Amino acid sequence: FINRVNTSPKTMATWLNGVQAIAEGSRLGIPAFFVTNPRNHLGSGAVVVGIEEAGGSFSQWPGTLGLAATRDAALVEAFSRVSAEEHIAVGIRGAYHPQLDLATEPRWARISGTFGEDADLTSAMAVAMVHGFQGDALGPASVALIFKHFPGGGPASGGQDSHFTYGKYDVYPGGNFDYHVRPFKAAIDAGAVAMMPYYSIPKDITQDQVGMAFNKEIVTDLLRNRLGFTGVVNSDSGITTSMVWGVEDLTVEQRFRKAIEAGTDLFSNDATPEYVVNLVRKGEVSETRIDESVSRLLRVRFALGIFENPYADPDLAEQTIRKAAFQAQALAAQRKSAVLLHNDKSLLPLKPGSKVYAEGLNADLLQSRGFIVVSSPGDADVAVLRVTAAAPSRGGAGAAPAGAPGGNARGAGLGGLNTDGAPIDLTLPAERIASVHRIAQAVPTVVAMYFDRPYVVPQLAKDSGALVAHFGISDEALIDVLSGAHPPTGKLPFELPSSMDAVRAQKEDVPHDSVAPLYEFGHGLTFASGSPLR
């Protein structure tokens, strides 16, 4: 079962225990296996349905892009160990993450869950996650990771996502298919036990032009035979009825057969086992083939120790999750993930006692650090603005019509994905740019922007005296960075393009290929003389 509930740790553990009691009383007594999407990452403040859960009760770390920005594999392993302990405390033993997709197409809406565009950096992060969540081998202190989305969903055609028919292809105009596979190979070599194929069709890569979970050349020939993977292949949700790319003309039962023959073991978000039973009874799928998948699934549960004890301790869960030591580690990681993009005239760190005009930042926290908060930019020594893009605008206009939700969310649906198929524009809404410009004309302005993908922000960079990129950071950690208590040390996990023309000219499968980027991959400054970090 996937657990999407966000409640108190004690309530969650008690509820999951109730399900385990029902399972223990069933004919075979097979324990329930609970999984979740990520719960430990700060984002823009909005829950992204189907991508991450409302995990506020868990310790809150930077997003995966922020973890990558730290360039610290030991920190990522420590994060993974803490997250695993919190998962286990409530009875969750599997995780639908991390994404090893490479963010080579900046318009793709799923970039927030990745480690950026570089295969080597993502590989290092993947290995650290395996060590932290699973350990040297699966055991009672492990959470089984389900790595996604094999063989890499990043090169989405035009940035459109394969939840929708107009985004059903991953494309490789740069001939860079193998580059996207590299992080998955690193995870397999480190001990990965489960993989999730994406919905996409790998355009012109395989002879059979079907979605990854139906594609024997992808699942069996590549994943199992070439890469040596022996674990569970866990489909993405709804592949037999919803995202049926390349198998639209097959019946539901035929889709099950094709996916099973391709090597898929588990059908997510599906409660129709009668199709599989019928296929076996008709002799179209052998019982031996089903036994292979069942064995892979049960092997993980045996190794985790949940046959011996599937239950969690509700009182211990309450004591464990988001305890002070965990949140202190998370706060340190947030600070380390911030990236200073530019700092004109050493505007940062903020001078003690400065009069600060702030938007989107806790005034009481600023005042507790010795700053004087004022209500007008004209009365301030410096302005500090938190900026988010919400969702990218559509159709190249840079702003949605008046009244559109979030200012530029037209066409946004599941997890901010584009639901209307219109061209994706990564520029900020005109009214947001105008607001920053107006304030910057009155007072030197620091902008701290949340980047869930590589937005096009040349005007924002021009107007701001200092620009900080973050990938999920609390007010407390951000003020620590801006004040110089913890100077920024992060580096960009992707390049920031200089224009939408540059974005459109990029090849979807190639990293670091934006012409004259505004800021290059790996860019990051220190406060000392604004010099780049090395």
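Let me know the shape class of segment 108-251, please: from the alpha-carbon gyration tensor, a ≥ b ≥ c as square roots of the eigenvalues, rounded when a/c is under 1.5, otherwise prolate if a/b is greater than b/c, or oblate.
Values: a/c = 1.77, a/b = 1.48, b/c = 1.19.
Note, shape of segment 108-251 comes out prolate.
Where the accessible area of segment 123-250 is counted over protein heavy atoms with a 1.4 Å probe, how much of it, in %, is carbon and sulfur?
Numbers: 1980 of 4020 Å².
Within segment 123-250, the accessible surface is 49 percent carbon and sulfur.
Residue by residue through segment 75-81, which ³J(HN,Hα) values in whole Hz follow from phi under the Karplus form 6.51 cos²θ - 1.76 cosθ + 1.60 (θ = phi - 60°), with glycine and proline marked x?
5, 5, 5, 5, 4, 5, 5
Any chance you could check the Cα centroid distance between segment 239-285 and segment 436-457 for me, in angstrom?
Going from one Cα centre to the other spans 49 Å.
Run through the DSSP bridge list for the chain and note the antiparallel percent, rounded to the nearest 5. It would help to have the intermediate numbers written out before the result.
Values: 10 of 45 bridges.
Of the beta bridges lying entirely in the chain, close to 20 percent run antiparallel.
Given a cut-off of under 8 Å on Cα pairs at least six residues apart, what relative contact order in percent is computed for segment 150-225?
Values: 89 pairs, mean separation 21.9, N = 76.
Here the relative contact order equals 29 percent.
So who's got an amide H within less than 5 Å of the one on Ile424, skipping anything under 5 residues away but keeping other chains? H placed 1.01 Å off N, in plane.
Answer set, sorted by chain and number: Gly395.
On full extension of the chain, what length is gained from Thr165 through Ala190, given 0.36 nm per residue of separation minus the C-alpha to C-alpha distance?
Values: separation 25, 0.36 × 25 = 9.00 nm, distance 3.47 nm.
Full extension from Thr165 to Ala190 adds 5.5 nm.
Whenever you get a sec, compute what percent of the accessible area on segment 451-522 sits on carbon and sulfur atoms (1.4 Å probe). Present the calculation step by step, with values, prior to reporting the outcome.
On the way: 1120 of 2210 Å².
Result for segment 451-522: 51 percent of the exposed heavy-atom area is carbon or sulfur.
Calculated from DSSP H runs of 4 or more alone, at -39500 (n - 2.57) each and per residue, what is the 222 nm mean residue ellipticity of the chain, nearest 500?
Numbers: 15 runs with 168 residues, N = 534.
Using -39500 (n - 2.57) per qualifying helix, the result is -9500 deg cm²/dmol.
Would you please put 27-38, 236-247, 62-73, 484-495 in order of how densely packed they are, using the mean number of other Cβ atoms within 10 angstrom per residue and starting with the highest?
Numbers: 27-38: 16.8, 236-247: 19.6, 62-73: 26.3, 484-495: 22.7.
In descending order of packing, they fall as 62-73, 484-495, 236-247, 27-38.
What number comes out for accessible area per residue over the chain if the probe is 1.4 Å? Units Å², please. Before the final figure, lay out the partial values.
Numbers: 19990 Å² over 534 residues.
In whole numbers, the chain has 37 Å² accessible per residue.
Place a point 7 Å from the Cα of Asp381 along the Cα-to-Cβ direction; which residues of segment 349-369 have their backbone N under 20 Å from it?
Once the point is set 7 Å along Cα→Cβ of Asp381, 349-359, 361-369 turn out to lie under 20 Å by backbone N, inside segment 349-369.
Using the beta-carbon distance between Ile290 and Lys323 and R0 = 60 Å, what value does 1/(1 + (r/R0)^6) give for FRET efficiency, to the nearest 0.05? Could you put the intermediate results ahead of the total?
Numbers: r = 43 Å, r/R0 = 0.72.
Approximately 0.90, to the nearest 0.05.
If you plug each phi of segment 287-292 into the Karplus form 6.51 cos²θ - 1.76 cosθ + 1.60 with θ = phi - 60°, what whole-Hz ³J(HN,Hα) values come out, in order, with x for Gly and Pro?
5, 4, 5, 5, 4, 4
Report, by chain and number, residues whose modeled amide H sits under 5 Å from the one on Ala448, excluding near sequence neighbours (fewer than 5 apart, same chain).
Long-range HN contacts for Ala448: Leu385, Arg386, Val387, Val468.
For segment 244-342, rounded, prolate or oblate, judged on the Cα gyration tensor with a ≥ b ≥ c (square roots of eigenvalues), a/c < 1.5 rounded, else prolate if a/b > b/c? It would help to have the intermediate numbers written out before the result.
Values: a/c = 3.59, a/b = 1.80, b/c = 1.99.
Oblate, since a/c reaches 1.5 and b/c is not below a/b.
Once you wrap a convex hull around the alpha carbon atoms of the chain, what is its projected area averaged over all directions, in nm²? Mind showing how you got there, number by number?
Numbers: hull surface 97.4 nm².
Here the figure is 24.3 nm², rounded to one decimal.
Report the calculated FRET efficiency for Glu24 and Lys355 (r = Cβ-Cβ distance, R0 = 60 Å), to the nearest 0.05.
Details: r = 63 Å, r/R0 = 1.06.
The calculated FRET efficiency here is 0.40.
For Ile2 and Asp249, FRET efficiency with R0 = 25 Å and r from the beta-carbon atoms, rounded to 0.05?
Working: r = 30 Å, r/R0 = 1.18.
Between Asp249 and Ile2 the formula returns 0.25.
Beyond 18 Å between alpha-carbons counts as too far, so tell me which of Lys345/Lys462; Lys203/Lys507; Lys185/Lys491; Lys168/Lys203; Lys216/Lys258 fall in that bin. Intermediate results must be reported in sequence, preceding the final value.
On the way: Lys345/Lys462 13 Å; Lys203/Lys507 14 Å; Lys185/Lys491 25 Å; Lys168/Lys203 9 Å; Lys216/Lys258 9 Å.
Over 18 Å apart, Cα to Cα: Lys185/Lys491.
Taking H as built 1.01 Å from N, whose amide H comes closer than 5 Å to the amide H of Gly522, not counting residues under 5 places away?
Leu492, Phe494
Report the label-to-label distance for Asp178 and Thr14 in nanometres (one decimal), using points 7 Å from each Cα along the Cα→Cβ vector.
Here the answer is 5.7 nm between the modelled labels.
Roll a 1.4 Å probe over the protein heavy atoms and report the accessible area of Ile439 in Å², nearest 10.
For Ile439, solvent-accessible area is about 10 Å².
Quick check: from the Cα gyration tensor, does segment 454-534 come out rounded (a/c under 1.5), prolate or oblate? Working shown, then result.
Values: a/c = 2.08, a/b = 1.96, b/c = 1.06.
Taking the square roots of the gyration eigenvalues as a ≥ b ≥ c, segment 454-534 is prolate.
The values are calculated or read from the model by the stated rules, or taken from the named source; none is laboratory data. Predicted model only: the values in this text are computed from it and were never measured. Using ideal geometry, Cβ is built from the backbone for each residue, glycine included, and neighbour counts are taken over all protein chains shown. Only protein heavy atoms, including side chains, enter the accessible area calculation; ligands, DNA and RNA are left aside. Shrake-Rupley method; radii C 1.70, N 1.55, O 1.52, S 1.80 Å.
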